[in-house]
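Worksheet for the structure shown next.
We did not get these values from a lab; they are worked out from the coordinates using the rules stated. Remember, predicted model here, so these are calculated numbers, not experimental data. Positions of Cβ are backbone-derived with ideal geometry, glycine not excepted, and every protein chain shown enters the neighbour counts.
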2 protein chains.
Amino acid sequence: MSRPKIVILGAGYGGIMTAVRLQKQTNANEAEIILVNKHNYHYQTTWLHEPAAGTMHHDRTRIMINDVVDENKVNFVQDTVVEIKREEQKVILENGELDYDYLVIALGFEPETFGIKGLKENAFSIRNIDSVRKIREHIEYQFASYNNDKEKKKERLTLIVGGAGFTGIEFIGELADRVPKLCNEFDIDRSNVRIINVEAMPTLLPGFDPELVEYAKNILERKGVEFKLGTMIKECTEEGVILSKDDQVEEIKSNTVVWTGGVRGNSIVENSGFEAMRGRVKVNKDLRAPGYDNVFVVGDCALIINEENDRPYPPTAQIAIQEAYTCATNLLRLIRGNEELASFKPDIKGTVASLGEGEAIGTVGNKKLYGSTASAMKKIIDNRYLFLLGGPGLVLKKGKLKLF
Amino acid sequence: MSRPKIVILGAGYGGIMTAVRLQKQTNANEAEIILVNKHNYHYQTTWLHEPAAGTMHHDRTRIMINDVVDENKVNFVQDTVVEIKREEQKVILENGELDYDYLVIALGFEPETFGIKGLKENAFSIRNIDSVRKIREHIEYQFASYNNDKEKKKERLTLIVGGAGFTGIEFIGELADRVPKLCNEFDIDRSNVRIINVEAMPTLLPGFDPELVEYAKNILERKGVEFKLGTMIKECTEEGVILSKDDQVEEIKSNTVVWTGGVRGNSIVENSGFEAMRGRVKVNKDLRAPGYDNVFVVGDCALIINEENDRPYPPTAQIAIQEAYTCATNLLRLIRGNEELASFKPDIKGTVASLGEGEAIGTVGNKKLYGSTASAMKKIIDNRYLFLLGGPGLVLKKGKLKLF
């Protein structure tokens, strides 16, 4: 008798957690589980702003897949997904192909540049381990070069972060912590360095409690961050950015522009013919793609509407992990012949944004958190995920154990 | 009564050692001693290949000038020398000028590119703290970028060192040690990296004992270094190097070309009208510039002929330090009215070239040294200099204390 074959594409939060839940809950030989991922490691996307700024080593954000996945239950294939052939129930990989009975699409995000000219070509993005260590090394190289130039180039020391959402603010907090260390390392006066945050909305962290936003802005400004709010990036060139605010145009020269202003789902989703908005499939309540009873979508490629305000939930790690739980439950029901699937309902426990070493803001339930309390809570949230993924051993190995 | 004014230009081996000898030997108010240097630190030029490769932090090679120079005896001026006005006994600095009764020119070296096309524009050089940390960061950036490129670029991982003299070989030894660590850091297979040494002479380390040279070549080849001996760099372009050997032309693409193939004295020397060959003044036996009884030249800007073979001594740290001793002695004699000056005679105690961690070759007296013995001897030589410069305290602070 042939076992049903479950193929999970991507080992980000949604994908790896689906695999781990399935390996815990399936009986021996109940299903063939295949996990496909480009790298042989999972990484903490929500931590990537730290290695990008150089305040944490990238290895602390990555977890080898075979450290959390049991080879006896999950077959790991290291390869890159090229296309999903929906009608043939087949996945094309760079080095082969796989057929499936059930598919989980957990292919993660891509930067969304909203058609802003030159952004794709000239800006960095905080995307994966490869991209963030490149940002770190690029910034270091700019600082290292500064004193070698006969004519000092301010653009080497002008760091521009596009977007004041979660990632942008967390990144800029780390950057503000790193800059004094870089100045020390490369004999540069701090006053020559600019850290500029550009955001089209009139506030940073849109959607956050205004009191907390004010706190965050003050903290970051005290660390030397300049905010340009209500300001559009019109163009990103090889020389820097062209900004516009109230019909005023300003050009800032910079060798380092990091775009954090938008994400979208993986373009493989729409290229494979799924109906999608910016790579995100508006899934049914049971997380299946409309019209495909054997295809689940979780994480950044899934679009879920919050019925309370009729707007999509932001694609966070927290939601991706919760989706993985529902997805694994529903896969189990399907392979066990139970057609009554569970509905996904996010349970937002809280949201905390870090502002660099020892500082953060957030809400947990109705409670507002600031400063070191918020910072400790952020680490507790991070550790909780590691616990869910790999138990206490993984918390000890990769956790943030120094809470204060 | 006005004291004679001694101005020392440059705080490299020759300059700082002259200052330190004078501060030890002069009585209070016997002379006004002024030391001029671009930076507020001295650095160990002979160690720079290590921070260039990234195997040692650059701060270990630098010594703050006020850590070894007594402010009560030596007046330190941080400024950059622009020109020496010989006839007016005046030195033009970027931010001022100084007149002198006695002058010590210790302005160090510049890379000599022998007119090879594109080398000045496109190759790095191991020259000072600024230049070596730029090399380190450049190489790291190339490795960090490699996995981000859709089409992998071999030139990012092709490291070319021009010149197989002392600096070239010592640098390539460190580089060979660093590359496996870089591969590990950036998830790159070692087999994709090339470390190539190009030398116009048919051997590496020309002038060294052939048996030792053979040993060095084997050690480095075992670490993965490719030697292209008897090979000229015809041109260095933005894309790499064009080599020629026996009328065969070969182009190697590389983003990292480090030129170590030649040094010359500081061009300020000839631009100020001193008779010089490649920035080096053929000094009298007492180290004075011909025709200028109050101007001494030491270190890389001094040319001294070895009478045994009628060839110039190579401008080493060892000789610069010995010159500083003679120079200080002669300055003392002059200010004390003794016109009978000491003659400089180098006393070559030994020469050791390191080949990376724990490996070296060298001669001390007539004895050949290999491997860990030579490596320990190298460190003893380095520590001895620190002892001469700043006593046991400086050895403890900046010395290489792990001999084996």
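Relative to the Cα centre, what is the charge dipole magnitude of the stretch B:119-259, using +1 at the beta carbon of each Lys and Arg, -1 at the beta carbon of each Asp and Glu, and rounding to the nearest 20 debye? Walk me through the intermediate numbers first.
Numbers: 21 positive and 26 negative charges, 68 e Å.
So the magnitude is around 320 debye.
For A:P4, the point set 7 Å out from Cα toward Cβ sits 9.9 nm from its twins in the other copies, listed from shortest up.
Contact order for the stretch A:124-259, expressed relative to its length and based on alpha carbon pairs under 8 Å spaced 6+ residues apart, stands at 30 percent.
Shown is the FRET efficiency for A:I92 and A:E308, computed with R0 = 60 Å from the Cβ-Cβ distance and rounded to the nearest 0.05: 0.95.
Remark: label point of A:M64 defined 7 Å out from Cα along the Cα-Cβ vector; separations to the same position in other copies 4.4 nm, ascending.
3J(HN,Hα) along the stretch A:12-19, derived from phi through the Karplus expression 6.51 cos²θ - 1.76 cosθ + 1.60 where θ = phi - 60°, amounts to x, 3, x, x, 5, 5, 4, 4 Hz, with x in place of Gly and Pro. Since only A:V132, A:F171, A:I219 are under comparison, the one whose Cα sits farthest along the positive direction of the charge dipole of the stretch A:124-259, derived from C-beta charges on Lys, Arg, Asp and Glu, is A:V132. Only beta bridges with both residues in the stretch A:124-259 are counted; by DSSP, about 40 percent of them are antiparallel. Set against the 2.2 N^0.38 Å expectation for a compact globular protein, the protein assembly as shown has a Cα radius of gyration ratio of 1.15. Using equal-weight Cα scatterers in the Debye expression, the normalised intensity of the stretch B:314-404 in log10 at q = 0.15, 0.16, 0.22, 0.26 Å⁻¹ is -0.69, -0.75, -1.09, -1.24.
Computed over the stretch B:84-130, the alpha-carbon pair-distance distribution with 5 angstrom bins reads 5, 15, 18, 14, 12, 14, 14, 7, 0, each value a whole percent. Using only side-chain charges placed at the Cβ, +1 for Lys and Arg and -1 for Asp and Glu, the dipole size of the stretch A:1-58 relative to its Cα centre rounds to 160 debye.
Taken one residue at a time, the phi angles of the stretch B:399-404 give Karplus couplings (6.51, -1.76, 1.60, θ = phi - 60°) of x, 9, 8, 8, 6, 10 Hz. Gly and Pro are set to x.
Take every Cα pair under 8 Å whose residues are at least 6 apart in sequence, average their separation, divide by the length of chain A, and the relative contact order is 17 percent.
Estimate the FRET efficiency between B:H57 and B:N192 by the formula 1/(1 + (r/R0)^6), using the beta-carbon distance for r and 41 Å for R0, to the nearest 0.05.
It comes to 0.95.
Distant-in-sequence amide contacts of B:E251, defined by a placed amide H-H separation under 5 Å and a gap of 5 or more residues or a different chain, comprise B:L243.
Each part gets one Cα centre, and for the stretch A:7-25 versus the stretch B:276-345 those centres are 74 Å apart. The ellipsoid that matches the Cα gyration tensor of the stretch B:20-63 has semi-axes, each √(5λ) in whole angstrom, of 32, 10, 7, with the longest given first. Ranking B:N366, B:F344, B:L389 by Cα position along the charge dipole of the stretch B:304-404, where only Lys, Arg, Asp and Glu carry charges on their C-beta atoms, puts B:L389 farthest toward the positive end. Among A:P202, A:P315, A:P51, the largest mean-square fluctuation in a Gaussian network model of chain A (Cα springs under 10 Å) belongs to A:P202.
When the Cα convex hull of the stretch B:119-259 is projected onto planes of every orientation, the mean area is 8.7 nm². Look at where the Cα atoms of the stretch B:29-89 and of the stretch A:59-81 average out, and the two centres are 54 Å apart.
Under 27 Å Cα to Cα from A:K85, which lysines show up? Leave out anything in the same chain fewer than 8 places away. Hits, sequence-local ones excluded: A:K5, A:K38, A:K73, A:K282, A:K285, B:K150. Roughly what would the spin-label model give for A:K117 and B:Q248, points 7 Å off Cα along C-beta, in nm? Distance between label points: 5.1 nm. When both the stretch B:213-263 and the stretch A:121-158 are represented by their alpha-carbon centers, they are found 29 Å apart. Near A:M64, once Lys and Arg are set to +1 and Asp and Glu to -1 for all other residues with Cβ below 15 Å from its Cβ, the sum equals 0. Qualifying GluC sites (Glu not before Pro) in the stretch A:314-404, where qualification requires a DSSP coil assignment and no more than 10 other C-beta atoms within 10 Å, comprise A:E339, A:E340.
Secondary structure note: in the protein assembly as shown, about 50% of the DSSP beta bridges are antiparallel.
Each Lys or Arg adds one and each Asp or Glu takes one away; over the other residues whose Cβ falls under 15 Å from the Cβ of B:E250, this sums to -2. Taking a straight Cα-Cα cut-off under 19 Å and skipping sequence neighbours fewer than 8 places away in the same chain, the aspartates and glutamates within cross-link reach of B:K234 are B:E112, B:E121, B:E155, B:E199, B:E226, B:D246, B:D247, B:E250, B:E251. Residues whose amide H comes within less than 5 Å of that of B:V69, counting only those at least five positions distant or on another chain, are absent (H built at 1.01 Å from N in the peptide plane). The GluC sites (Glu not before Pro) found in the stretch B:199-283 that occupy coil by DSSP, while having at most 11 further C-beta atoms within 10 Å, are B:E238, B:E275. Taking θ as phi - 60° and the Karplus parameters 6.51, -1.76 and 1.60, the scalar couplings of the stretch B:189-200 work out to 6, 3, 5, 7, 9, 10, 10, 10, 10, 10, 9, 6 Hz in sequence order, x denoting glycine and proline.
In the neighborhood of A:E155, defined by Cβ-to-Cβ distances under 9 Å, what is the net charge if each Lys or Arg adds +1 and each Asp or Glu adds -1? The partial results should precede the final answer.
On the way: positive: A:K153, A:K154, A:R156, A:K253; negative: A:E239.
Value of the local net charge: +3.
Putting +1 on Lys and Arg Cβ atoms and -1 on Asp and Glu Cβ atoms, find which of A:L98, A:A200, A:N147 reaches farthest to the positive end of the dipole of chain A. So the residue furthest toward the plus end is A:N147. Rounded to the nearest 20, the Cβ-based charge dipole of the protein assembly as shown about its Cα centre (Lys and Arg +1, Asp and Glu -1) stands at 1820 debye. In chain B, the beta carbon lying closest to the axis that superposes B onto A belongs to the residue given here with its whole-angstrom distance, B:Y141, 2. Distance between the modelled labels on A:Y325 and A:V82, one decimal in nanometres: 3.9 nm (7 Å Cα→Cβ projection).
Across the copies of the chain, B:G365 has label points (7 Å from Cα along Cα→Cβ) spaced 8.2 nm apart, shortest distance listed first.
Spin-label model, B:K150/A:E221: points 7 Å from Cα along the beta carbon direction are separated by 4.3 nm.
Computed over chain B, the range of Cα coordinates on each principal axis works out to 74, 42, 42 Å, biggest value leading. Close amide H partners of A:K117, meaning residues 5 or more places away or on another chain with modelled amide H under 5 Å apart, are A:C236. Of all lysines in the structure, those lying under 26 Å Cα to Cα from A:K402, and not within fewer than 8 positions of it along the same chain, are A:K181, A:K217, A:K223, A:K349, A:K367, A:K368, A:K378, A:K379.
Dividing the mean sequence gap of close Cα pairs (under 8 Å, 6+ apart) by how many residues the stretch B:18-165 holds gives a relative contact order of 23 percent.
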